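Enquirer: Once you've had a glance at the structure underneath, I'll fire off some questions.
The values are calculated or read from the model by the stated rules, or taken from the named source; none is laboratory data. Remember, it's a predicted structure, so these values are computed and weren't measured experimentally. Neighbour counts run over all protein chains shown; Cβ positions are idealised from the backbone, glycine included. These accessible areas exclude ligands, DNA and RNA; they are computed on the full protein's heavy atoms, side chains included. Shrake-Rupley method; radii C 1.70, N 1.55, O 1.52, S 1.80 Å.
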Amino acid sequence: RALAGNPEQIQIMYGVGGERELPERELNHLPGYANSKPVRIGNAAASQFQADVVGEVMVALERLRMAGGKEDHFSWALQRALLGFVERHFDDKDFGLWEMRGQAQYFTHSRVMMWAAFNSGIRAVRIHGLSGDITKWEHLRGRLREEIMREGFDRRINSFTQTYGGGQTDAALLVIPQVGFLPYNDEHMLGTVARLEKELLTDDGLLLRYRTESGVDGLEPG
């Protein structure tokens, strides 16, 4: 995964051989699995901004902390630096969990994970006595909650949406209660689950990531 921004970039994507330069190119002479061209090597996502990443790291480290893991002189400083990155890119659109090839947008899941990043930092200060600018973090967490509930939930379909104003659903929305943004039985989540079952559940009982017909991922439908 990569966190990219101008003028800074935090690179956390590597090739299988440890490569850090991952320019993407197509191998047109290969048919791909089930003739699913194009075959690509490298990964264009290495240059994308994916706003959810810090939240995923912060939530994982909080769970380690809650399980008895101890912070050292480096680990908490790293987490504070990551929260600083989120602060500086607070208003930036991103390409989402699925590394979309379309235009950058405000993905609801990404905004929720930004909320989760600040929430984990706040809990680290309040519960574990670590140092941090809790006033600023609480302010930004509150702004995100208000924004997500206003822009990320569509009352016409009674569901959270993949992107602000997009009207489409996304399996990543199931993460919302997992990170504590809302309870599992909250009416907003119950409506979202019902909508996901209607739009994304296949006859085989599998859940699609999202419907491709909207073109949000920059690929052809299907």
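Enquirer: Specify the residue that is nearest to GLY102 (Cα to Cα); the eligible residues are those in segment 195-219 that are polar (S, T, N, Q) and either out of contact with any Pro (no Cβ under 7 Å at 6 or more places or on another chain) or not in a helix (DSSP H, G or I) (or both).
Expert: So in segment 195-219, the residues polar (S, T, N, Q) come out as 202, 212, 214.
Then drop every residue that is not either out of contact with any Pro (no Cβ under 7 Å at 6 or more places or on another chain) or not in a helix (DSSP H, G or I) (or both), which leaves 202, 214.
Working: THR202: 25, SER214: 11 Å.
Step by step, filter segment 195-219, then rank; the result is SER214.
Yes/no per residue for (1) within 17 Å of GLY96 (Cα to Cα); (2) crowded, with 17+ Cβ neighbours inside 10 Å:
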| position | (1), (2) |
| --- | --- |
| MET114 | yes, yes |
| SER131 | no, no |
| ARG143 | no, no |
| ASP154 | no, yes |
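Enquirer: Among the residues of segment 106-160, which ones are more than 22 Å from the chain's Cα centre (by Cα), in a helix (DSSP H, G or I) and under 18 Å from PHE90 (Cα atoms)?
Expert: If we filter segment 106-160 for residues that are more than 22 Å from the chain's Cα centre (by Cα), which is where we start, we get 125-135, 155-157.
This time we only want the ones that are in a helix (DSSP H, G or I), so: 125-128, 134-135.
The answer is ILE134, THR135.
Enquirer: Out of curiosity, is THR192 in a loop (DSSP other than H, G, I, E, B), open to solvent by less than 40 Å² (accessible area, probe 1.4 Å) and among the polar types (S, T, N, Q)? Walk me through how you get there before you give the answer.
Expert: Values: in a loop (DSSP other than H, G, I, E, B): no; open to solvent by less than 40 Å² (accessible area, probe 1.4 Å): yes; among the polar types (S, T, N, Q): yes.
It is false that THR192 is in a loop (DSSP other than H, G, I, E, B), open to solvent by less than 40 Å² (accessible area, probe 1.4 Å) and among the polar types (S, T, N, Q).
Enquirer: So, ARG123, is that one more than 21 Å from LEU182 (Cα to Cα), open to solvent by 40 Å² or more (accessible area, probe 1.4 Å) and touching an Asp or Glu at 6+ places or on another chain (Cβ under 9 Å) or not? Give the derivation first.
Expert: Values: more than 21 Å from LEU182 (Cα to Cα): no; open to solvent by 40 Å² or more (accessible area, probe 1.4 Å): yes; touching an Asp or Glu at 6+ places or on another chain (Cβ under 9 Å): yes.
Judged against the criteria, ARG123 is not a match.
Enquirer: Please tell me if LEU22 is open to solvent by less than 50 Å² (accessible area, probe 1.4 Å), free of Cβ contacts under 8 Å to residues at least 40 places away in the same chain and not aromatic (Phe, Trp, Tyr). Steps first, please.
Expert: Working: open to solvent by less than 50 Å² (accessible area, probe 1.4 Å): yes; free of Cβ contacts under 8 Å to residues at least 40 places away in the same chain: yes; not aromatic (Phe, Trp, Tyr): yes.
For LEU22, the condition - open to solvent by less than 50 Å² (accessible area, probe 1.4 Å), free of Cβ contacts under 8 Å to residues at least 40 places away in the same chain and not aromatic (Phe, Trp, Tyr) - is met.
Enquirer: Do we have any residue at all in segment 39-49 that's out of contact with any strand residue (DSSP E or B) (no Cβ under 7 Å at 6 or more places or on another chain) and of a type in the set (Lys, Arg)? So that I can check it myself, show each step before the final result.
Expert: Taking segment 39-49 first, the residues out of contact with any strand residue (DSSP E or B) (no Cβ under 7 Å at 6 or more places or on another chain) are 43-44.
With the extra rule that they be of a type in the set (Lys, Arg), the set shrinks to none.
Within segment 39-49 (the criterion being out of contact with any strand residue (DSSP E or B) (no Cβ under 7 Å at 6 or more places or on another chain) and of a type in the set (Lys, Arg)), the answer is no, since none of the residues qualifies.
Enquirer: Continuing with the same structure: Could you identify the single residue in PHE74, PHE95 that is closer than 27 Å to HIS128 by Cα and at pLDDT below 95? Steps first, answer last, please.
Expert: On the way: PHE95 fails: closer than 27 Å to HIS128 by Cα.
Only one candidate passes the filter, namely PHE74.
Enquirer: Scanning for something within 17 Å of the chain's Cα centre (by Cα), of a type in the set (A, V, I, L, M) and surrounded by fewer than 12 Cβ atoms within 10 Å (Cβ to Cβ), does segment 26-49 turn up at least one residue?
Expert: Scanning segment 26-49 turns up no residue that is within 17 Å of the chain's Cα centre (by Cα), of a type in the set (A, V, I, L, M) and surrounded by fewer than 12 Cβ atoms within 10 Å (Cβ to Cβ).
Enquirer: With respect to GLY222, is the statement that it is open to solvent by less than 60 Å² (accessible area, probe 1.4 Å), at positive phi and in a loop (DSSP other than H, G, I, E, B) true?
Expert: no
Enquirer: Under 7 Å between Cβ atoms, which residue pairs at least 6 apart in sequence (or on different chains) link something in segment 70-94 that is under 21 Å from VAL112 (Cβ atoms) with a partner that is at pLDDT 95 or above and among the charged types (D, E, K, R)?
Expert: none
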